[in-house]
Amino acid sequence: MMHELLHAIGFDHEHQSPAVDCEQEFNKSKILAAYGWNDADFKTNLQQLERDSHSYTWSSYDNKSIMKYYFDPKLLNNGQQSPCYSPENYLPSDRDYEGLRNAYPAAAAVEPSRSRAALGTVAGSNSPAAVRDLARELQSLEQ
């Protein structure tokens, strides 16, 4: 869910970064078979982004990013030795948080009481159950 949320606010896949050539590391035929993808799916999800784009910014490659797909080493031409290999990851990396702060700088610190109140409002709302559950879980972490 966090990976998809970061897409929604403008983040791209880390393995598509112009800072690393993961596209050459992928065993295309094995990936197409493993995921049931076609060439268009491969291009959308794995092709390296253009280096000269004015549409986005990037940093050096972060293989701990939550925006990087996990690939079974068998799907990479150089297996675990590939610079594009990393263990599965479900949490944002330090650099993910840095990117968030750069893209969305906070105007001012939010008082903890306001944060708890906002989470309480969401937890008690008519939002989907998954959203309410997440708000309750975040509230419990703050206490």
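Brief remarks follow.
- Taking the fewest neighbouring Cβ atoms within 10 Å as the starting point, the ordered list for MET67, MET2 is MET2, MET67.
- Whole-number percent relative contact order across the stretch 2-51, with pairs defined as alpha carbons under 8 Å at least 6 apart: 44
- Cβ-placed point charges (K, R +1; D, E -1), dipole of the stretch 2-103 about Cα centre in debye, nearest 20: 160
- Projecting the Cα atoms of LEU46, HIS3, LEU119 onto the charge dipole of the stretch 1-136, computed from C-beta unit charges around the Cα centre, puts LEU119 farthest toward the positive end.
- FRET efficiency estimate (nearest 0.05) - Cβ-Cβ, ASP94 to ALA34, R0 30 angstrom: 0.50
- Residues ARG101, ARG136, sorted so that the one with the fewest Cβ neighbours within 10 Å comes first: ARG101, ARG136
- Over the chain, dividing the summed -39,500 (n - 2.57) contributions of all DSSP H runs of at least 4 residues by the number of residues returns a 222 nm mean residue ellipticity of -12000 deg cm²/dmol.
- A full extension of the chain between SER113 and ASP12 corresponds to an added length of 33.1 nm, given 0.36 nm per residue minus the alpha carbon distance.
- Relative contact order %, the chain, counting alpha carbon pairs below 8 Å whose residues are six or more apart: 22
- Taking GluC sites (Glu not before Pro) across the stretch 1-81, the ones in a DSSP loop with at most 12 further Cβ atoms lying within 10 angstrom of their Cβ are GLU50.
- Dipole-positive endmost among ASN78, TYR56, ASN102 within the chain (Cβ charges, Cα centre): ASN102
Bear in mind these aren't lab numbers, they're just calculated from the coordinates by the rules spelled out. Not measured: the values here are computed from a predicted model. Heads up, the Cβs are rebuilt from the backbone with ideal geometry, glycines too, and the neighbour counts pull from every protein chain shown.
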